[in-house]
Structure formats: C-alpha cells, structure tokens
Amino acid sequence: WAAALDYTVRKVNLRPVKRQDVAALYGVSETALKERHDDLVRTLDVMPCDYRYFTGKENPLDKLVEAAELLEQLEARFQEP
C-alpha cells in the first residue's frame, strides 16, 4: 500500500514516474502496485491535481476554476435584463 500511495501522490502531482520504478523501489510487483493504485483512485475518487493531495505551489486546475467563475459571471451579465 505504501508503494501505491507513493505512486498515486506522484501521479496526482504530475511527476514523471514509471510504475516499474516505484515497484522496484518498494520491492513489489507492478501488478500489485497497479491494483492498489486503482483501488486508491476508485475509492478516494482521485484525479490529476486533486486539491486534497496536490503539493505544488500552483495548482494547474486553479486556472480552470478561475475560468469557470469568469464564465459564470459573464453568463449572469448576459442574462441581465
């Protein structure tokens, strides 16, 4: 599970990582690592740049949130009588 958590957090943070390298580092099979990673992603509903696990200073998804908010404001202004 430690290997899967490490691998998952690296993937969330968009770090270049190969499953075979993490499996070798922890001494587990790639298959076991993939299965545990899939379990974490499915159970925790993990996605790229997930705010719960992202450790970088600037989250790339912030721009998407800003764009969505701006679009919502523009739509509201458009709908005004």
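On the protein heavy atoms, probe 1.4 angstrom, tell me the percent of accessible surface of the chain carried by carbon and sulfur.
Here it works out to 57 percent.
Pull out the extension gain between residue 66 and residue 52, defined as 0.36 nm times the separation in residues minus the alpha carbon to alpha carbon distance; nm, one decimal.
Difference between extended and current length: 3.2 nm.
So how do 13-26, 68-81 stack up, highest first, on mean other-Cβ count within 10 Å?
Taking the mean over residues of other Cβ atoms within 10 Å, the ranking is 13-26, 68-81.
Any of 18/57; 34/57; 11/63 with alpha carbons more than 25 Å apart? Name them for me.
In this structure, 34/57 exceed 25 Å between Cα atoms.
If I stretch the segment between residue 32 and residue 10 completely, what's the gain in nm (0.36 nm per residue apart, minus their alpha carbon distance), one decimal?
Additional length available on full extension: 6.2 nm.
Please find the FRET efficiency linking residue 74 to residue 39, where r is the Cβ-Cβ separation and R0 is fixed at 35 Å, and quote it to the nearest 0.05.
For R0 = 35 Å, the calculated efficiency reads 0.30.
The values are calculated or read from the model by the stated rules, or taken from the named source; none is laboratory data. Fair warning: this is a prediction, and the values are worked out from it, not measured in the lab. Here Cβ is always computed from backbone atoms with ideal geometry, including for glycine, and neighbour counts include all displayed protein chains. Side chains are part of the model used for accessible areas, which takes the heavy atoms of the whole protein and leaves out ligands, DNA and RNA. Shrake-Rupley method; radii C 1.70, N 1.55, O 1.52, S 1.80 Å.
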